[in-house]
Amino acid sequence: MPVLCALILQPKEEKDTWLVRGAKRLYLPLLDWALERKKIVVGIALALLIGALALFPFLGKEFMPTLQEDAIMFRVVGIPSTSLDESIRVANVMDASLRKQFPQVNAVLATIGRAEKGETADVNYMEVLLDMKPRDEWPTQQSFAALGREMQEFLEGEVQTAVFGATQPIQMRVEELISGVRATLALKIYGEDLDKLEELSAKLKTVVAGVPGVADLSAEANKGKPQMVIKVDRQAAARYGLNADDILAVVQAGIGGEAVSTLIDGTRRFDIAVRLPEEFRSSPWAIAAIPIRTAEGAIVPFSSVAKIELDEGYTFVRREALQRYAVLQMDVQGRDVDGFVREANAAIAAKVTLPTGYWVEWGGAFENQQRAMERLGVIVPLTIGLIFILLYTAFNSVRHATLIIANVPFAIIGGIVGLFITGQYLSVPSAIGFIAVFGVAMLNGIVLVSFLNDQRKHGLPIRDAVRQGAALRLRPVLMTASVAILGLIPMLISTGVGAETQRPLATVVVGGLITSTLLTLLLLPLIYEWSETRAEAKQRARDAAADAEQSEPVPLPPQPTPETP
């Protein structure tokens, strides 16, 4: 940059443009008024800061704004015993009904079950992606979210054997990868007994359903899978001279199948398994008739040494941190996740008493939001501390470094007010916006304080140095703020895909730069004048004390009186 400046820029007298001249005509009288009324200006700035901080508790909190992908996908969950034929029938009903009822739909694609990638799922789970027509071909203009809710209500009336949840492709996959749950928010109930977890899930579902803002609330339907339960009758087996291993070997080899050899085909290997024919293992009655040889060589039916029952079991058992848990899945609409969780916790504490050894935790978006805010709570103070050290190194003065850092809290005023007015929540993008505002505020403070120090080194009195330095640095401070504001306005007014994640950052930066720039140009010069005046007075007092100490006469020691003869 210095080489390019030397080659391209020609030395000439610096002149203000009409815009800068107009800004100075407005700024200098206002600066003079502020310098004469320091207490009033500082009081106004503190009142604005306290007012902004008072608004902070009313800001909702969330991890990330919901991304509007302009796409619709449905999560469809049937009972665990749902067959593949039934899932295919439901998919065909959805296809025909949606394309008939909603002309916005071009095609319907249903994927049933889930393989090894992501969370595995049985045939009772499917994901249905809708291929939508262009917006200009829709009969009514409405948002994708509103259309998705309308479709969900229609499907719930058409199909009563499944639970429907409207979502978006990227949103659903991100939620699943982050928390392992196919929803925005998850209430996890931890404990040992699966039946007790099922009971607590039903109670908590009733309580959470009454909290305003909840949507698509459902408990995981992981119980109801048909199972054949074989229990060894140990007393009967002992009478025949059999042990449990002999009986379970029949179950494993005859019903489940047992590998007896290996087929090698080039580089591929296949296990050769044997088991009973279908007619001997297809029903409890067929299994009960399987013959078993006793220790004495007699043949007895399998039902003589074991009980065979049909029961409902669990499709899967969730575990986390070596602990079983059940899950309530839900979405939150029309309010922030943090406020919803606080209200839900209060309702749970008032209406449900958890047994000893059982507890609840929130996962999903709330867990990520809490984790992100905790990390920012450590990173931001640490960063400001490191910047303070760098400022002290640059100015060699704790007073000047503190003066610049003190400008940071006032930079949050516009950001908080902007979020509050626009109804947006405090999220990770808005937190990053605050960090960016802090950086610009400190940069403007460095520019102004360093130039005021240069003016003082040239021998100007404090008031003249402040007025002249602030006027000369008005242009770079305004340029720094205006370039950032103008660059972020497109993000602020954007309505395309992804605008929801950009808008909180742009709102905080634009609002914060407006207030921080005004306070930098008015508050910082008067605080600088006040601190320099005090420092100069203290220095004069120290110099006067040193001069007085040097000019004070030193008493001589007493001289001996000569003796008279």
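Values computed for the structure shown
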read-out	value
Chain lengthening between residue 543 and residue 378 when straightened (0.36 nm per residue, less Cα-Cα)	55.0 nm
Per-pair calculated FRET efficiency, R0 = 35 Å: residue 89 and residue 294 via Cβ, rounded to 0.05	0.15
Peptide ranges 464-473, 306-315 listed from the most packed, as the mean C-beta count within 10 angstrom indicates	464-473, 306-315
Distance (nanometres) between label positions extended 7 Å along Cα→Cβ at residue 13 and residue 258	10.7
Long-range HN-HN contacts of residue 113 with modeled amide H, under 5 Å	125, 126, 127
Cα shape, the chain, gyration tensor, a/c 1.5 rule	prolate
Integer Hz, Karplus 6.51/-1.76/1.60 couplings in order for the range 73-82, x for Gly and Pro	9, 10, 8, 10, 10, x, 5, x, 8, 4
With all protein chains modelled, accessible area of residue 373 [1.4 Å, Å²]	50
Label-point separation in nm, residue 39 to residue 138, each point 7 Å along Cα→Cβ	6.0
Other-chain or far-sequence residues with amide H under 5 Å of residue 81's (modelled H)	none
Difference of contour (0.36 nm per residue) and Cα-Cα distance, residue 312 to residue 450	42.0 nm
Packing-based ranking, highest mean first, of 479-488, 427-436 given that Cβ atoms within 10 Å are counted	427-436, 479-488
Order of exposure, largest accessible area first, which applies to 316, 410, 63, 302 with probe 1.4 Å	316, 63, 410, 302
Cα-based shape type of the range 1-91, given that a ≥ b ≥ c are square roots of the gyration tensor eigenvalues and the cut on a/c is 1.5	oblate
Ordering of 235-241, 518-524, 7-13, 325-331 by packing [mean C-beta count within 10 Å, highest first]	325-331, 518-524, 235-241, 7-13
The chain, helix-only ellipticity at 222 nm - DSSP H runs n ≥ 4, -39,500 (n - 2.57), divided by all residues, nearest 500	-18000 deg cm²/dmol
Mean shadow area of the range 347-504 over all directions, Cα convex hull, nm²	14.5
Nearest-20 debye value, the range 171-235 charge dipole, Cβ charges on Lys, Arg, Asp, Glu	100
Rel. contact order, % - alpha carbon contacts under 8 angstrom, at least six apart, the chain	19
With DNA, RNA and ligands ignored, accessible area of residue 352 (1.4 Å probe; Å², nearest 10)	20
Shape category assigned to the range 202-316 from the gyration tensor of Cα positions, a/c cut at 1.5	oblate
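The values are calculated or read from the model by the stated rules, or taken from the named source; none is laboratory data. A quick note: this is a predicted structure, and the numbers were derived from the prediction, not measured. A quick note on method: Cβ atoms are made from the backbone with ideal geometry, for glycine too, and the neighbour counts reach across all protein chains shown. For accessibility, only protein heavy atoms count, side chains too; no ligands or nucleic acids. Shrake-Rupley method; radii C 1.70, N 1.55, O 1.52, S 1.80 Å.
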